[in-house]
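S.K.: Encoded as C-alpha cells, here's the structure I'll be asking about.
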Amino acid sequence: MKLSRLWQPRRLLFWQMLMFNVLSSVCTYGMRALPLNTLGLVLLGSIALLNVAFGLLAAWALMREEPPAR
C-alpha cells in the first residue's frame, strides 16, 4: 500500500473522505466550544466518531485500489 494513493482528487471517494474528516473536526469543535448538556455531547461525539470511522474506511478503500489511468 502506498500513501500516495490517497491523493486522487478526480474520485468522489477522495472528496467524501475529506468531508468526513472535516465534519468530525467541526463536531469536535462544537463539543468544546458550545455549552451542551450530556445528551448533546453524546450526540455530537457519536456523530464525530462515525465520521472518523467512515473517513478511515474511505481512506482504506482509496489505498487498496489502483488509481485510475490519467
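S.K.: Across the range 1-50, what is the total count of residues that are small (G, A, S) and touching a residue at least 24 places away in the same chain (Cβ under 8 Å)?
M.R.: Initially, the range 1-50 is screened for residues small (G, A, S), giving 4, 24-25, 30, 33, 40, 45-46, 48.
Subsequent filtering for residues that are touching a residue at least 24 places away in the same chain (Cβ under 8 Å) retains 24, 48.
Qualifying residue count for the region: 2.
S.K.: Among the residues of the range 22-50, count how many are of a type in the set (S, T, N, Q) and surrounded by fewer than 14 Cβ atoms within 10 Å (Cβ to Cβ).
M.R.: From the range 22-50, those of a type in the set (S, T, N, Q) are 24-25, 28, 37-38, 46; that's our starting set.
This time we only want the ones that are surrounded by fewer than 14 Cβ atoms within 10 Å (Cβ to Cβ), so: 25, 37-38, 46.
Residues meeting the conditions: 4.
S.K.: Looking at the range 1-25 only, could you name the residues that are part of a helix (DSSP H, G or I) and more than 13 Å from G55 (Cβ to Cβ)?
M.R.: First, pick out the residues of the range 1-25 that are part of a helix (DSSP H, G or I): 3-6, 12-25.
Result: L3, S4, R5, L12.
Bear in mind that the values in this text are calculations on the coordinates, not laboratory data. None of these values were measured; they are calculated from a predicted model. With ideal geometry, Cβ positions are generated from the backbone for all residues, glycine too; neighbour counts draw on all protein chains shown.
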